[in-house]
Amino acid sequence: MFTYQLVNLKYMITIVFYILAAITLGTGLLTVLSKNPVHSAVYMIICFFSISGHFLLLNALFLSVINIVVYAGAIMVLLLFTLMLMNLSKQHEPKKKIISRVAATVSACLMALVILATLIKSTPVIETYKAEGSDYNSVNVIGQVLLDEYLVPFEFVSILLITAMIGAVLISKKEKKA
């Protein structure tokens with residue numbers, strides 16, 4: 001009886017994974033293919049929530065919550081704020097020249113080729129880890145690692161975010177006509 005329940009649980013987790021994968025891929029494609037930037041941002045929010053579902057399936061609760069709070073919350077609000085301030089519409093957008101379209105297509109193909117070559121050449125590193133009895137998913141352990149080993153990159157990211165906010169304010173500021 002217990003084995004039967006484990007088998008059912010395994011199939012249910014597999015079904016949930018495929019549903020989340022379909023949502024992630026679908027909203028990712030809609031994000032890229034949507035003509036309206038606000039619709040793209042909404043599709044990206046849904047994609048972030050489905051990625052958080054994947055983190056939950058991997059039992060990474062901290063990453064799931066951080067993904068929702070930071071990406072789906074703060075960064076998408078900032079992106080929507082910027083999009084609405086810039087007031088993007090078809091009459092303001094100039095037509096792209098054919099050379100820029102060709103260059104973008106060639107760049108995307110080269111990037112896909114590099115990623116494919118990397119995936120083919122890479123070999124997984126299988127190591128054995130010693131169990132120390134620590135919960136690596138706890139906020140305390142993650143905070144200690146972040147503020148001990150990765151303090152300098154953490155501070156660089158904060159400087160980068162402040163610079164991006166200042167840039168967003170300067171872009172949104174309208175010039176006074178003399």
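Rule-based calculations on the coordinates, nothing more; no lab input. These numbers were taken from a predicted model, which means no experiment stands behind them. Because the Cβ atoms are built from the backbone with ideal geometry, glycine has one as well, and the counts that use them run over all protein chains shown.
List of remarks:
- Gained length - ASN59 relative to ALA168, 0.36 nm times residue gap less alpha-carbon distance: 35.6 nm
- Per-residue Cβ neighbour rank within 10 angstrom, fewest leading, ILE51, ILE159: ILE159, ILE51
- Pair ILE15, ILE99: separation of 7 Å Cα→Cβ label points (nm): 5.7 nm
- By the Kirkwood approach, averaging reciprocal distances over each pair of separate Cα atoms, segment 1-93 gets a hydrodynamic radius of 15.0 Å.
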